[in-house]
């Protein structure tokens, strides 16, 4: 709507104001226009009502509820939930798929009368026939029209000649309830044993791609509700928790824009043109030309990509769905050949939140590959002729700090994996390995749990390291490490000390020390004590374990 109005110079009256601090996206900024000195930018989110008479200032959610209630009171409308279910074309012209248990009645000349009959329940399921020829034959009939006559035709008990329906059901017929059948796949008496359904259903966690987020799962739930209403299943919901992982897009495509004279223009200073010329200089209205750029021509500046030799020129960075037509498909086999399976696996988890749509970056794969190489170097002796443990890995007691870091990491990685936050779990392991690699002595008691934490994320490397640590059996049978909450608490903390609001130093105090104890330590400190000499503390702002600010006179 916005683009249409801009293109034909129509007035735009915004009715929703963005929340304070809202930052417009690059696409929104590209569509801004100035009318009578006022900058207008598109906004389609939730905010507060403007230009809406007595509703001005009303939050969007409240506005909707209020308007709905008022329309209902006046008999002009009512609130309703609209489901995205559409009419279902439930037939396919395939030689596979479940046959319909439907027969068409034929007249004496063999033509359909329009009347139909169904198979008796005892005759179900209808099985596909054995067919030698099932390729397309050029006639407007499904492949099953070529099935043997004994499968296609029969005579009913009342003498009526019947022809079987030759369309088949779509894949939905099986995929909408497969989670039930998987529990009891060999049951020939029922589609699921009620006892097994009670034991296993509903599904605890369903993970499916974004392309499943609507159709497959919407129809699965619809199908399950039908089964529940008919008394075929005991629970009315099929899934406890549903997560749709985001799509991985192709490598970011970088585009700069040039004026007719060859000078560059920032991507923020262009706008859609009023003709078929594409985009124009927002200030002059003159057409600008998009120019594809290589990664070496740009650099990152804040949240934007800019020209390396002109950092004030912002370039456009967009990623698209992988497709052969765009030539941006990444072959995972090639990634595995170059970087290893663990690097591919780890990078896909490290790219960002599981549900987010993310652009692929070969540079990112190189980054996680380097991390795995650092882990290998931390635990193995690269100077030796054979593969063996690093001399720093020793059977000694860890220091209190090493122990605390280990248990802090176990807690964080455990929580992250349970919450499917794999990217942050990997970050925790990177931090741990940095600390481990900087230690002259690396106690086996903290190395082995670290390898176990790494195993779900980089299983091949973890398995190799487990063997090098001297274990004869796979780590797959090892219990997951547990953390000790008592070891997560620091015995001492260092807190900043301000005098009159200005940072003057730091003191180390026991964790949980009260205000009086902290003041005693401050006054005993040579540097801070001298700054307080001869002065009266009139006010103390104290946050336990965090900071103290002394107001003096």
Residue 111 - would you say it is assigned by TED's automatic domain parsing to the domain that holds residue 230 and without any contact (Cβ under 8 Å) to a residue 24 or more places away in the chain? no
In region 122-163, residue farthest from the chain's Cα centre (by Cα) [restricted to those that are surrounded by fewer than 13 Cβ atoms within 10 Å (Cβ to Cβ) and not in a loop (DSSP other than H, G, I, E, B)]: 155
Touching a strand residue (DSSP E or B) at 6+ places or on another chain (Cβ under 9 Å), closer than 29 Å to residue 34 by Cα and assigned to a strand (DSSP E or B): does that describe residue 306? yes
Only one of (1) within 44 Å of the chain's Cα centre (by Cα); (2) surrounded by 14 or more Cβ atoms within 10 Å (Cβ to Cβ); (3) more than 26 Å from residue 488 (Cα to Cα) does not apply to residue 537, and that is (1)
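Please pick out the residue among 288, 280, 233 that is under 30 Å from residue 419 (Cβ atoms) and surrounded by 14 or more Cβ atoms within 10 Å (Cβ to Cβ).
233
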Residue 316 fails exactly one of the following numbered conditions: (1) crowded, with 18+ Cβ neighbours inside 10 Å; (2) assigned to a helix (DSSP H, G or I); (3) touching a strand residue (DSSP E or B) at 6+ places or on another chain (Cβ under 9 Å). What is the number of that condition? (2)
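Which ones in region 179-189 are more than 14 Å from residue 237 (Cβ to Cβ) and at pLDDT 90 or above?
Of everything in region 179-189, those that are more than 14 Å from residue 237 (Cβ to Cβ) and at pLDDT 90 or above turn out to be 181, 182, 183, 184, 185, 186, 187.
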Would you mind finding the one in 501, 505 that is in contact with a strand residue (DSSP E or B) (Cβ under 8 Å, 6 or more places away or on another chain) and surrounded by fewer than 11 Cβ atoms within 10 Å (Cβ to Cβ)? 501
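If we scan region 463-486, do we find a residue that is within 30 Å of residue 517 (Cα to Cα) and assigned to a loop (DSSP other than H, G, I, E, B)?
yes
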So, in region 164-181, how many residues would count as being under 26 Å from the mean Cα position of the chain (by Cα) and assigned to a loop (DSSP other than H, G, I, E, B)? 2
Hey, can you tell me all the residues within region 344-367 that are over 16 Å from residue 300 (Cβ atoms), in contact (Cβ under 8 Å) with a residue 40 or more places away in the chain and buried (at least 18 other Cβ atoms within 10 Å of the Cβ)? 345, 346, 348, 349, 350, 351, 354, 358, 360
Has region 231-245 got at least one residue that is closer than 29 Å to residue 359 by Cβ and either out of contact with any helix residue (DSSP H, G or I) (no Cβ under 9 Å at 6 or more places or on another chain) or in a loop (DSSP other than H, G, I, E, B) (or both)? yes
Residue check, residue 321 against (1) under 15 Å from residue 250 (Cα atoms); (2) buried (at least 19 other Cβ atoms within 10 Å of the Cβ), all met but one. Which one? (2)
Can you tell me which residue within region 325-337, out of those that are under 17 Å from residue 366 (Cβ atoms) and free of Cβ contacts under 8 Å to residues at least 12 places away in the same chain, is surrounded by the fewest Cβ atoms within 10 Å (Cβ to Cβ)? 331
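The values are calculated or read from the model by the stated rules, or taken from the named source; none is laboratory data. Computed from a predicted structure; not experimentally measured. With ideal geometry, Cβ positions are generated from the backbone for all residues, glycine too; neighbour counts draw on all protein chains shown.
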